[in-house]
Amino acid sequence: MRMSSLLSQTLREAPSDAEISSHQLLIRAGYIRQLAAGIFTSMPLAKRSLTKIENIMRDEMNKISGQEMSMPVVHPAEIWKATGRWEKVGPEMGRFQDRNGRDMVLAMTHEEVVVAIVRDEIQSYRQLPMMIYHIQTKWRDDPRPRAGLIRVREFTMKDSYSLDRDLEGLDQQYANHYQAYFNIFGRCKLPVIAVESDVGMMGGNMAHEYMYLTPVGEDTMLICDACGYSANRQIAEFQKQKAVEEKAIKRKKVATPEMKTITGLAEFLEIPESKTAKAVFMMAVMQEEEGENEQLVFAIVRGDMELNETKLVNAVGAKGLRPAEESEIIASGAIPGYASPVGLKDILVIVDDLIPESANLVAGANEEGYHFLNVNYGRDYTADIVADITAAGDGDACPKCGAAMQAVRGVEVGNIFKLGTWYSEAVGATFQDADGDEKPVVMGSYGIGSGRLLASVAEEYNDKYGLIMPITIAPYEVHLVELVGGKGEGEDVQKAAVKLYQDLVQAGVEVLFDDRDESPGVKFNDADLIGIPLRLTVGSRVLKEGGIEAKIRYETEKQLIPIDEAVQKVKEIIQEMYAEVEQNLETVEFNV
RNA sequence: CGGGGUGUGGCGCAGUUGGAAGCGCGCCGCGUUUGGGACGCGGAGGUCGACGGUUCAAGUCCGUCCACCCCGACCA
């Protein structure tokens with residue numbers, strides 16, 4: 001490709017609304033342009049990188065017997081009503097009506113289409129196991145797109161779906177994906193860790209997220225260096241410090257005027273926050289037979305700990321949660337700021353499993369301006385549910401080995417999910433098994449967003465000059481710079497550069513040829529910015545020495561290559577780069 | 001949806017008490033330059049986010065709305 005005709009201008013300065021480096025550099029280097037919040041155009045450079053990423057995904061999916069297909073982006077609402085997600089999913093789903101007034105959906109994922117196909121196409125166990133995938137546009141109207149390509153509303157995703165006779169088959173396909181995903185990220189040179197993640201409402205029994213660890217990420221993981229335990233904070237467990245005190249002390253009411261927060265209360269009473277009980281009121285959306293129903297949930301955690309909403313949702317079996325309004329709290333008989341379950345009736349109380357193990361806490365007296373001292377679970381009140389509902393934090397003890405865990409941030413670049421039979425049962429996607437019984441197909445779903453992967457790689461590999469793209473996903477393998485300056489020698493340089501360009505292309509090398517009439521500084525800076533791993537320079541200075549100059553983007557040395565060996569030598573360098581990536585792929589252990 | 005911020009040429013920005021819309025980069029033309037974002041001369045490019053109001057006069061003051069960014073809520 002000749003740069004003189006490439007649709008991509010580099011920018012000396014990043015747009016002011018780009019804050020993180022991958023966003024700034026992808027914009028500055030001309031890879032992407034923004035159209036609206038969370039909606040981006042992939043310019044030719046990004047498109048080439050994305051195509052390479054997608055081809056890596058294809059390769060790895062094909063290796064584990066995936067069949068590529070293409071499912072529609074626009075769906076009739078019926079298939080979403082069939083699984084109940086038409087109602088379940090909120091405004092995140094794009095909905096519109098066609099000209100005949102029929103409800104339509106913009107695809108945010110493709111389980112519905114998969115089960116619709118499976119229902120019609122899979123009749124026999126002889127057709128299973130099977131794995132299908134596609135690389136397709138998704139629309140999720142995220143309330144807060146951010147950080148360039150890290151979190152967008154429209155994106156392309158490789159999503160695959162495993163279909164099996166039984167759970168053993170699912171386990172196998174899940175394990176296949178577990179490894180294939182490490183291969184995909186490894187081939188893109190993106191370091192990731194797999195962490196256990198929330199399975200949510202889908203009846204699945206296992207899910208993992210692939211996290212690229214970076215401070216710009218918005219998920220928090222707890223990882224244990226000692227034993228390797230790692231989990232998303234949403235579900236991370238930890239060992240809690242139990243109290244050793246006697247519980248016998250008598251309950252006592254004290255005046256605590258204007259002390260509505262735990263911090264204020266602890267200061268006022270001169271006690272640590274761990275000696276208080278924090279009351280959190282949530283409205284839980286419960287799925288009842290005749291539809292949804294909201295119920296007030298009174299959650300109690302120790303004052304120094306944080307409620308984990310995901311754990312709470314799972315513990316009470318709710319569809320979702322929202323903070324309760326003050327009026328809803330008052331209607332229950334509790335006083336906001338001074339609430340406790342002591343003396344309250346007809347309210348769903350759920351306490352963290354540490355609470356029964358704690359002694360003599362300060363809790364609200366359900367009276368404006370008063371708290372109780374020495375409140376004890378069991379004696380003063382009981383709960384409907386006792387469960388782990390607090391969030392693990394940095395330094396908390398590992399649930400497996402007890403060592404202090406680290407809280408780290410990351411970007412979720414992929415996930416794998418054992419769905420089970422939830423979807424197939426919902427729509428009657430069944431097959432006849434060898435024993436003659438009609439059984440629901442057992443499913444798994446697996447996803448990787450290609451744009452987010454590109455952005456993560458850009459975030460990981462850059463310096464003050466620009467991007468440093470791995471050879472496997474760089475838009476081109478070689479950035480050829482011609483320096484046609486000088487007096488009288490320009491023609492020779494140009495001839496040599498054009499010939500080298502043509503020879504390289506002929507030899508199958510992907511070359512971005514900077515043939516523009518620009519100064520050397522501009523060309524070198526643009527080359528650094530775009531971040532193609534190998535840069536070749538043809539200029540009169542080195543040409544006189546009978547060669548061209550080669551520089552690897554992430555190294556400082558340059559080397560002179562005799563011009564008649566250039567094609568061969570370049571191919572060798574490139575091969576080495578590819579080989580280095582392949583060598584570093586890891587086989588991971590996966591224990592189902 | 002709550003809190004904060006920003007909207008002036010493609011990008012980055014300035015614009016004073018309301019009084020003729022500017023600068024740098026980029027872009028076009030000519031010339032000189034040519035190994036790390038060259039220089040000279042001459043140009044093009046703007047409904048100042050939108051609408052309404054105040055005023056003799058609005059980029060500037062007032063109101064409403066919109067868009068984008070950041071934090072939070074949210075994230076099959």
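The values are calculated or read from the model by the stated rules, or taken from the named source; none is laboratory data. Keep in mind that what you see is a predicted model, and the values were worked out from it rather than measured. Because the Cβ atoms are built from the backbone with ideal geometry, glycine has one as well, and the counts that use them run over all protein chains shown.
Points to keep in mind about this one:
- Residue ranges of strands (runs of 3 or more DSSP E) in the stretch A:65-112 with at least 3 members away from RNA strand B (no atom under 16 Å from the Cβ): A:66-68
- The set of residues from the stretch A:519-544 being near RNA strand B (Cβ under 7 Å from one of its atoms) and assigned to a loop (DSSP other than H, G, I, E, B) comprises just one member, A:519.
- Scan of the stretch A:224-264 for residues that are surrounded by fewer than 16 Cβ atoms within 10 Å (Cβ to Cβ) and of a type in the set (Val, Ile, Thr), ordered by number: A:244, A:249, A:254, A:261, A:263
- Filtering the stretch A:253-269 to residues that are under 20 Å from residue A:305 (Cβ atoms) and not in a helix (DSSP H, G or I) leaves A:259, A:260, A:261.
- Among the residues of the stretch A:524-544, the one identified as of a type in the set (Lys, Arg) and surrounded by 20 or more Cβ atoms within 10 Å (Cβ to Cβ) is A:535.
A quick yes/no check of all residues on (1) out of contact with any Cys (no Cβ under 7 Å at 6 or more places or on another chain); (2) more than 23 Å from residue A:232 (Cβ to Cβ); (3) among the polar types (S, T, N, Q); (4) surrounded by fewer than 20 Cβ atoms within 10 Å (Cβ to Cβ):
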residue	(1), (2), (3), (4)
A:359	yes, yes, no, yes
A:368	yes, yes, no, yes
A:373	yes, yes, no, yes
A:398	no, no, no, no
A:401	no, no, no, yes
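- Qualifying position, being within 26 Å of residue A:175 (Cα to Cα) and of a type in the set (D, E, K, R), among A:425, A:459: A:425
- Annotation note: of A:245, A:237, the sole residue that is part of a loop (DSSP other than H, G, I, E, B) and touching a Pro at 6+ places or on another chain (Cβ under 7 Å) is A:237.
- Residues that are within 13 Å of RNA strand B (Cβ to nearest atom) and surrounded by 15 or more Cβ atoms within 10 Å (Cβ to Cβ), drawn from the stretch A:34-55: A:34, A:38, A:40, A:43
- Given (1) part of a loop (DSSP other than H, G, I, E, B); (2) at pLDDT 90 or above, index of the condition residue A:33 fails: (1)
- Against the test of being among the hydroxyl-bearing types (Ser, Thr, Tyr), buried (at least 18 other Cβ atoms within 10 Å of the Cβ) and within 12 Å of RNA strand B (Cβ to nearest atom), the options A:445, A:424 yield a single qualifying residue, A:445.
- For the stretch A:483-502, filtered to residues that are more than 13 Å from RNA strand B (Cβ to nearest atom) and surrounded by fewer than 17 Cβ atoms within 10 Å (Cβ to Cβ), the residue that is farthest from residue A:545 (Cα to Cα) is A:502.
- Residue list for the stretch A:144-161, restricted to those being of a type outside the set (Val, Ile, Thr) and not in a strand (DSSP E or B): A:144, A:145, A:147, A:148, A:149, A:153
- Single match in A:342, A:301, A:297, A:351 (criterion: assigned to a strand (DSSP E or B), away from RNA strand B (no atom under 16 Å from the Cβ) and either touching a Lys or Arg at 6+ places or on another chain (Cβ under 6 Å) or of a type in the set (A, V, I, L, M, F, W, C) (or both)): A:351
- Residue check for residue A:547: over 39 Å from the mean Cα position of the chain (by Cα), surrounded by fewer than 20 Cβ atoms within 10 Å (Cβ to Cβ) and within 10 Å of RNA strand B (Cβ to nearest atom): yes
- Count of the stretch A:1-19 residues which are surrounded by 12 or more Cβ atoms within 10 Å (Cβ to Cβ), more than 11 Å from residue A:530 (Cα to Cα) and more than 7 Å from RNA strand B (Cβ to nearest atom): 5
- Enumeration of residues in the stretch A:554-572 that are outside any loop (DSSP other than H, G, I, E, B), among the β-branched types (Val, Ile, Thr) and within 12 Å of RNA strand B (Cβ to nearest atom): A:561, A:563
- Among the candidates A:57, A:93, residue that is farther than 30 Å from residue A:478 by Cβ and in contact with a strand residue (DSSP E or B) (Cβ under 8 Å, 6 or more places away or on another chain): A:93
- For the stretch A:7-24, the candidate set comprises residues that are farther than 15 Å from residue A:46 by Cβ and without any contact (Cβ under 8 Å) to a residue 24 or more places away in the chain; within that set, the residue that is farthest from the chain's Cα centre (by Cα) is A:12.
- Residues satisfying the stated conditions in the stretch A:550-575, i.e. more than 13 Å from residue A:507 (Cα to Cα) and over 41 Å from the mean Cα position of the chain (by Cα): A:560, A:561, A:562, A:563, A:564
- Leading residue by the ranking (surrounded by the fewest Cβ atoms within 10 Å (Cβ to Cβ)) among those in the stretch A:449-467 that are touching a Ser or Thr at 6+ places or on another chain (Cβ under 9 Å) and under 20 Å from residue A:134 (Cα atoms): A:451
- Only strands (runs of 3 or more DSSP E) whose full extent lies in the stretch A:397-508 are considered here, and the ones with at least 2 residues that are polar (S, T, N, Q) and under 20 Å from the mean Cα position of the chain (by Cα) are A:406-420.
- Exactly one residue among A:470, A:475 is at pLDDT 95 or above and either surrounded by fewer than 24 Cβ atoms within 10 Å (Cβ to Cβ) or in contact with a strand residue (DSSP E or B) (Cβ under 6 Å, 6 or more places away or on another chain) (or both), and that residue is A:470.
- Output for the stretch A:313-329, where each listed residue is outside any loop (DSSP other than H, G, I, E, B) and touching a residue at least 24 places away in the same chain (Cβ under 8 Å): A:313, A:314, A:315, A:316, A:320, A:321, A:322, A:323, A:328, A:329
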